[in-house]
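The structure appears right after this line, and notes come after that.
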Ligand code: IVH
């Protein structure tokens, strides 16, 4: 066997390792996938021919072919400590005082902090001997863990060989193995199909995956890893990093993926800024984080402080407010919204959740209630994601009181008593009585809301008062209200009555798009109301528009078009419009002649298709509209111009058949001046 083969093998391994590092760790690939695949195949073929030349760090050796029968317990060389938690900045401040006091008079006790995101996964300890990965162990109880080396080897961001010239005899690296969110969802979908239990969250899924006996399954699951701790032998004086910041950089250099969202902070104020920035930022990440780990940067100080029984004294986890919490259901009620949709809600013992106190959570609909089998008295887990109303995630059946009875969804509207309607195939039950007080209440609150007619002083409380005292039976009735009527209501004096009447009167000056939005037509939100107002400049035009005309408008889809047509067909809505018109509301687009109004564009109808070189289609549409043009979604005889980008399809063909003038993006920009 020639040396040439050995040389080739070494080159291939090194080349593939570099390519994988650039791809997985640096996110900066320099080799095409196909090239990588081919080199990999060459390596695998050569190794098949000369199995005696296979090395354990070869990229082909990531997945073993035999499932393990069990894991063996391994004692950690250095224990894996966990972290003390701080739940607010006050606790963080106390921690700072504590460590500063502990160091008083000893060494200089100033240090910056390294902030790292706290990755919600499983801690792993890796051992490298002479640069080669020999062991990967779970955290276990911190002293003893399980040897999961075969599974660890499947993680692409964990190097099998350290990128170090003269590696020390032993190197220990710690970090967090985790599952990216999209992978987590995919795994759960597959488990659901296979009738298996779902993983509750990505952390459990990662831990479960790491303890899979068959490494082939682990390889499929695409675990990932961020390194955060490096232990070099004390003899390595030269290479020894002096700070956590340097350690992280070194980790990255020797082949690990290190979380890029780290920051060096000079004081707690900067830590606070980092924490707040990532409270929002973390929602856009592809993995879960539940806090920020704050570490003293200076290793000399770390060493001077040492550890308690469980924690390092030089680090702390500042946690984000929990977004899931258990509580007890006191009642189940239903809420009737302005569209008549009936939403069941759980009324619960108040509980702190994501920084606010929560007492109600949505149960969505009757099907969801049945699925959960939620009962009054149950202990439930609720969750709040982003800004939305919290929801009930699951029931803890073991904590159910003995006499709890199954919930029955009401057949009648709790507000007006009329029978609820649930069309086949729909999950939502509705009250369809248009004079139901709940619907009127919701509609009026929406009408007065800030983005609609913006009537100050007409919030839910006053709306309820007006309706309960029989002063208002329709939205339009508010325009007949007098100061005398309002000041007679409980809690409302003359001053606030006058203010309210004035606010109602000035809402007549609001523009047509706001009025359209205020009407509460299903699917017509702020943006769609604006589009409709621009394309149908009077309510008469909108009312007479056919489904096809509506749908032809750029941005208006089938669902919206149908909803608008349906809305105008209802008698009660026609009466409402008539009354509002009489009251003097704005039902036409005021012609604001834009300063950019441009004779080439104004009054012309444009269609945009394909991918434009620099503008998004919506941006191009906005420019055209700003210059007084119209943008529609389909080509017809009335189209003046087709703006066509790359991959323009059937619209371009049709435009050519009709002899419509074509424009490129730059020609459009020329026209726009
Ligand atoms: S440092 C002695 N850094 O959080 C050092 N831990 O609640 C201890 N974790 O067991 C760990 N991200 O599993 C550290 N950037 C990070 C981390 C992190 C996640 C986990 C780790 C630890 C747990 C403590």
Open item on the list: If residue 401 satisfies all but one of (1) within 16 Å of residue 331 (Cβ to Cβ); (2) assigned to a helix (DSSP H, G or I), what's the number of the condition it fails?
Closed with: (2)
Task: Scope the range 282-299; condition over 15 Å from residue 245 (Cα atoms), more than 14 Å from the ligand (Cβ to nearest atom) and either touching a residue at least 40 places away in the same chain (Cβ under 8 Å) or touching a strand residue (DSSP E or B) at 6+ places or on another chain (Cβ under 9 Å) (or both); matching residues - done: 283, 286
Task: Every pair of residues 6+ apart whose Cβ atoms lie under 7 Å, when the first sits in the range 300-329 and is within 19 Å of residue 116 (Cβ to Cβ) and without any contact (Cβ under 8 Å) to a residue 60 or more places away in the chain while the second is within 14 Å of the ligand (Cβ to nearest atom) and in a loop (DSSP other than H, G, I, E, B) - done: 302/314
Task: Identity of the residue in the range 72-109, without any contact (Cβ under 8 Å) to a residue 60 or more places away in the chain and closer than 20 Å to residue 244 by Cα, that ends up farthest from the ligand (Cβ to nearest atom) - done: 108
- [ ] Just one of (1) surrounded by fewer than 20 Cβ atoms within 10 Å (Cβ to Cβ); (2) more than 39 Å from the chain's Cα centre (by Cα) trips up residue 497, so point out which.
- [x] (1)
Open item on the list: Go through (1) within 15 Å of the ligand (Cβ to nearest atom); (2) buried (at least 21 other Cβ atoms within 10 Å of the Cβ); (3) over 17 Å from residue 315 (Cα atoms); (4) at pLDDT 95 or above for residue 115 and report which single condition fails.
Closed with: (3)
TODO: Considering only residues that are out of contact with any helix residue (DSSP H, G or I) (no Cβ under 9 Å at 6 or more places or on another chain) and within 9 Å of residue 84 (Cα to Cα), look in the range 307-324 and name the one that is surrounded by the fewest Cβ atoms within 10 Å (Cβ to Cβ).
DONE: 310
- [ ] Test residue 598 against the criterion of being assigned to a loop (DSSP other than H, G, I, E, B), within 30 Å of residue 507 (Cα to Cα) and in contact (Cβ under 8 Å) with a residue 60 or more places away in the chain, and give yes or no.
- [x] no
- [ ] Give the number of residues within the range 348-359 that are surrounded by fewer than 16 Cβ atoms within 10 Å (Cβ to Cβ) and either part of a strand (DSSP E or B) or touching a helix residue (DSSP H, G or I) at 6+ places or on another chain (Cβ under 7 Å) (or both).
- [x] 6
Open item on the list: Condition (residue is within 16 Å of the ligand (Cβ to nearest atom) and part of a loop (DSSP other than H, G, I, E, B)) applied to the range 327-347: is it met by at least one residue?
Closed with: no
Open item on the list: Between a residue in the range 182-200 that is farther than 14 Å from residue 220 by Cβ and any residue that is part of a helix (DSSP H, G or I) and at pLDDT below 75, which pairs come within a Cβ distance under 9 Å, given they are 6 or more apart or on different chains?
Closed with: 198/192
Task: Elements of type strands (runs of 3 or more DSSP E) in the range 120-225, at least 3 residues being within 16 Å of the ligand (Cβ to nearest atom) and crowded, with 21+ Cβ neighbours inside 10 Å - done: 122-129, 132-138, 170-178
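The values are calculated or read from the model by the stated rules, or taken from the named source; none is laboratory data. What you see is a predicted model, and the numbers here were worked out from it, not measured in a lab. Positions of Cβ are generated from backbone atoms using ideal geometry, with glycine treated the same way; all protein chains shown enter the neighbour counts.
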